Amino acid sequence: MSDAKNRYYSGPQTQIKLGVASATVINKGDMVYLSDGKAAAYSSTYDASSAAAAIKEAAADVFCGVAQESSASGETDDILVDISNEAIYQMDLQAAADCSVGDWLTIYTGVSSDGMDPQKLVADTTGSYGMFVCVEDHASAAGTLLQVKMLPQKIFNKAPDVDE
């Protein structure tokens, strides 16, 4: 489990209240997704049967935002989740790497033994699974902490079904 961190750095936030999926542990600063209308944190149990690319694509499709509060296992009370595409966050890269303004980043999916980390990012070299965009030029020598903004979440930008 990741350490609970306040990842928010600056800028306007848009916080919504979401119930928490049962048996889910969410730490402040976790990237969360919607599961049957409830917040859930990405973890080693998130669709671990798929290849890394499929996991990243599925994760980006249901990405909701960044948890502003924690929730222990079994708690289902609402928590605040920031869904703003304007707020700046300080997130950790999985490993030190060079990043440039405009580079897309996605959740670290890990390997089968350690699973996803809801507070770590890696480069999205395909341009298909982006969840965040880098807002600073960052040299790998500077460490792993990086300033990012959320990309528009696909889950909130779906066209409504229209009956003809």
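The values are calculated or read from the model by the stated rules, or taken from the named source; none is laboratory data. Just so it is clear, the model here is predicted, and its values are computed rather than measured. Reconstructed Cβ throughout: ideal geometry from the backbone, glycine too, with neighbour counts over all protein chains shown.
Couple of notes before you dig in:
- In segment 127-142, the residues that are outside any strand (DSSP E or B) form Cβ pairs under 9 Å with partners that are among the aromatic types (Phe, Trp, Tyr) and buried (at least 17 other Cβ atoms within 10 Å of the Cβ), at six or more places apart or across chains, as follows: GLY127/TRP104; SER128/TRP104; TYR129/TRP104; GLY130/TRP104; MET131/PHE63; MET131/TRP104.
- Whichever residue in segment 128-143 is surrounded by fewer than 17 Cβ atoms within 10 Å (Cβ to Cβ) and over 16 Å from the mean Cα position of the chain (by Cα) and, among such residues, is nearest to ILE26 (Cα to Cα): GLY143
- Number of positions in segment 144-153 that are exposed (fewer than 15 other Cβ atoms within 10 Å of the Cβ) and at pLDDT below 80: 1
- Subset of segment 25-38 (residues that are of a type outside the set (D, E, K, R) and either buried (at least 24 other Cβ atoms within 10 Å of the Cβ) or under 18 Å from LYS5 (Cβ atoms) (or both)): VAL25, ILE26, ASN27, GLY29, MET31, VAL32, TYR33
- Any chance GLN94 is in contact with a strand residue (DSSP E or B) (Cβ under 8 Å, 6 or more places away or on another chain), in contact (Cβ under 8 Å) with a residue 24 or more places away in the chain, under 20 Å from VAL20 (Cβ atoms) and not hydrophobic (A, V, I, L, M, F, W, C): no
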